[in-house]
Amino acid sequence: MSERYDTLVLGGGMAGLPLALRAARHGRVAFVEKELLGGTCLNRGCIPTKTMIASAAVAHQARRAAEFGVRLPGPVTVDLAAVVDRKNTIVDSIRAGSYRTVEKSTDLDFYHATGHFTAPRTLTVDGTDLTADRILLVTGTRSTIPAIDGLDTVPYFTSRTLLDLTDLPSHLLVVGGGYVGCEFAQMFRRFGSEVTLIQRADRLLPGEDPDISAAVREGMTADGITVLTGTTCTAATGTTGNIRLGCTGSEADDITGSHLLIATGRTPNSDNLGLEYLGLEPDPQGFLTVDASLRTDAENVWALGDLRGGPMFTHTARDDADIVYRTIFRSQDRTTTGRIVPHAVFTDPEVGAVGLTEPAARAAGYDVVVGRQDFTGVVKARAIGNTRGLVKFVADAATDRILGCHIAGPDGGNLVHEAVIAMTTGATYTQLAQAIHIHPTLAEAVNTAAGGVHREIGA
């Protein structure tokens, strides 16, 4: 049996889903997803983790109630099963809306199945050959499992499976100090677990500006997390409740805990697809090479989202989808060239960043000027009892152009958008410094870091 379509979308995540719906306005679409609509972000990434982080933040704030003059009748405890149930309710509700939208779409056939390319322009799904004029690959990534001796004999979690744990670990070992490892480490510490965070690099979040990495580490240690950097795990033994990691490096040799989370990066889902039938070969890391319009080397085949490498965020994947849609169906010349991509890490202090770090700007040869404001000097931060972190601007002294903005602090993921808009519109460092900001707000930290007048030190 065979079916012919104008467009085939393989992957139903946060890029594939809207792209399939929009493409269906312009012809027949085959939409294939082997798991759940919404992909990693909705089902096992952004939404569920931030929902559970919100529960952890409430627990943390409740333990600090006395600092605000609020008395609680007893100690704060966390019902992890109830936290997971709340997370599932929210995720299920959002996902149900996605399915309803797909069901209502005309000219879109949804295949909930695994597909493999078996011929040029042909994907076989449950015995049916789907042939299309254009193919859009949006298959995402999965957790990378490192080569640790004995790991295959030890029970461990990934960011996907730990979200469904309902019994609180007594001592969680987290291998990996990137954004996933840091978020989960702090979340479970605030739920009540002892946590050891093990990072091979010499600092947490090594892609961030060094001042931001340092602020996040300070926040982790302030919460009681044991942070080991410059430490490589080489062996794992044990069973649930008694996990032992053999490590080398500057800070530890032998580490024990009750549960183990592996958070060491992402691997693209480019294997087992039959891409050779399209004439495509992934790079050594498994990513597909694309041009600025997200076209692959194969005619009428595009790859977008995490599969194309580069910034791997839901918001960039959504922008990829818009670029591909406008390129194909609107004949518009939108590309990835020059796009300004912010990102966030939902720790406390919360990271929001965009553009070049200070070391990267100096290495690129800019005449760098740096503006900084610690949240200890921001009265709104003091009022809400959260003065962790800083705002840091990196600018070009020769042109007054903002090269980067790096925030670790309360609501950092929102505050950074002020810099994103400034960089997108070409507003200068001086213009941002001269813009009047409401007092008292956290946004004053952005203004004062840019050299503004709203500095309230010691107030």
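None of the figures in this text is laboratory data; all of them are computed from the coordinates on show. Quantities reported herein were computed from a predicted structural model and do not represent experimental measurements. Note that each Cβ is placed from the backbone with ideal geometry, even for glycine, and that neighbours are counted across all protein chains shown.
Extension gain Ala397-His112, at 0.36 nm per residue separation less the Cα-Cα distance, in nm? Kindly include the intermediate steps, with their values, before the conclusion.
On the way: separation 285, 0.36 × 285 = 102.60 nm, distance 5.43 nm.
Extra length available between Ala397 and His112 comes to 97.2 nm.
Of all DSSP beta bridges located in the chain, what percent are antiparallel, nearest 5?
60
Per DSSP H run of at least 4 residues, take -39500 (n - 2.57); add these up for the chain, divide by its residues and hand me the 222 nm value, nearest 500 deg cm²/dmol.
Working: 13 runs with 136 residues, N = 459.
The helix contribution divided over the chain gives -9000 deg cm²/dmol.
If the reach is capped at under 22 angstrom between alpha carbons, list the lysines near Lys87, excluding any in the same chain fewer than eight residues apart.
Of all the lysines, those that pass the test against Lys87 - Cα under 22 Å, at least 8 places apart if same chain - are Lys50.
Residue by residue through segment 416-427, which ³J(HN,Hα) values in whole Hz follow from phi under the Karplus form 6.51 cos²θ - 1.76 cosθ + 1.60 (θ = phi - 60°), with glycine and proline marked x?
These are the phi-based 3J(HN,Hα) values: 5, 5, 4, 6, 4, 5, 4, 5, 5, 8, x, 5 Hz.
Translational diffusion coefficient of the chain at 37 °C, 0.692 mPa s, Stokes-Einstein with Kirkwood Rh over Cα pairs, in µm²/s as a whole number. Mind showing how you got there, number by number?
Working: Rh = 24.0 Å.
The diffusion coefficient I find is 137 µm²/s.
How much length is gained on full extension from Lys50 to His26, taking 0.36 nm per residue of separation minus their Cα-Cα distance?
Taking Lys50 through His26 to full extension adds about 5.1 nm, to one decimal.
Using the basic label-point model (7 angstrom from Cα toward the beta carbon), what is the Asp133 to Arg326 distance in nanometres?
2.2
Name the cysteines of the chain that stand alone by the Cβ rule: no other cysteine Cβ under 4.7 angstrom.
Cys182, Cys233, Cys247, Cys405, each lacking another Cys Cβ under 4.7 Å.
Could you sort the peptides 332-338, 229-235, 11-17 by per-residue average Cβ neighbour count (10 Å cutoff), highest mean leading?
Working: 332-338: 12.4, 229-235: 18.3, 11-17: 27.4.
The packing order, highest mean first, is 11-17, 229-235, 332-338.
Can you tell me the order of 187-197, 90-100 when each peptide is scored by its average per-residue count of other Cβ atoms within 10 angstrom, highest first?
187-197, 90-100
Applying 1/(1 + (r/R0)^6) with R0 = 25 Å to the Cβ-Cβ distance of Ala147 and Thr221, what FRET efficiency is obtained, to the nearest 0.05?
According to the calculation, E is roughly 0.30.
Under 11 Å from the Cβ of Ala361, count the other residues' Cβ atoms, weight Lys and Arg +1, Asp and Glu -1, and hand me the total.
On the way: positive: Arg362, Arg401; negative: Asp209, Glu358, Asp367, Asp396.
Net charge in that neighbourhood comes out at -2.
How many nm is it between the label spots at Ile94 and Ile438, if each spot is 7 Å from the Cα in line with the beta carbon?
The answer from the label model is 2.6 nm.
How high is the FRET efficiency from Thr289 to Thr428, r the C-beta distance, R0 30 Å, rounded to 0.05?
FRET efficiency, Thr289 to Thr428: 0.25.
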